[in-house]
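As structure tokens, the structure follows; a few thoughts come after it.
The values are calculated or read from the model by the stated rules, or taken from the named source; none is laboratory data. None of these values were measured; they are calculated from a predicted model. Cβ atoms come from the backbone with ideal geometry, glycine included; neighbour counts cover every protein chain shown. With ligands, DNA and RNA removed, areas are computed over all heavy atoms of the protein, side chains included. Shrake-Rupley method; radii C 1.70, N 1.55, O 1.52, S 1.80 Å.
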Amino acid sequence: ADKLRTQQELERLQAKYIGTGHPDTTSWEWRTNIARDTFSSIVGHPPQLAYQSLALNEPAAKLRAELIRKMIQPCGPPPPRE
């Protein structure tokens with residue numbers, strides 16, 4: 001019963017949060033989710049964005065726009081399907 005409950009909890013989390021993946025998640029999809037989560041976290045937290053812009057010596061607005069643009073395809077185009 002405990003194993004079934006754990007499996008149901010995992011399935012519920014996977015349905016609720018896209019980034020948790022599932023057995024059919026490819027490495028490209030996983031890396032894309034991680035990169036998008038990172039970029040959105042940086043954009044969503046102004047102190048983190050300010051730190052990154054200072055470290056990269058770029059204006060915060062320019063860095064924010066660049067990170068948002070990178071969210072489209074952070075790991076390049078998807079690999080061909082088999």
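General observations
- Residue check for residue 60: touching a helix residue (DSSP H, G or I) at 6+ places or on another chain (Cβ under 9 Å), open to solvent by less than 50 Å² (accessible area, probe 1.4 Å) and not acidic (Asp, Glu): yes
- The one condition in (1) farther than 29 Å from residue 27 by Cα; (2) among the aliphatic types (A, V, I, L, M); (3) open to solvent by less than 70 Å² (accessible area, probe 1.4 Å) that residue 65 fails to fulfil: (1)
- Counting only helices (runs of 4 or more DSSP H) wholly contained in region 2-69, the ones carrying 3 or more residues that are of a type in the set (Val, Ile, Thr) occupy 27-44.
- Pick from region 4-40, criterion among the hydrophobic types (A, V, I, L, M, F, W, C) and more than 22 Å from residue 75 (Cα to Cα), ranking: least open to solvent (accessible area, probe 1.4 Å): 13
- Hey, residue 1 loosely packed, with under 12 Cβ neighbours inside 10 Å, closer than 29 Å to residue 82 by Cβ, modelled with pLDDT under 90 and among the hydrophobic types (A, V, I, L, M, F, W, C) or not: no
- Cβ-Cβ distances below 9 Å connect the following pairs, each with a first residue in region 41-53 that is open to solvent by 80 Å² or more (accessible area, probe 1.4 Å), a second residue that is of a type outside the set (Gly, Ala, Ser), and a separation of six or more residues or different chains: 51/42.
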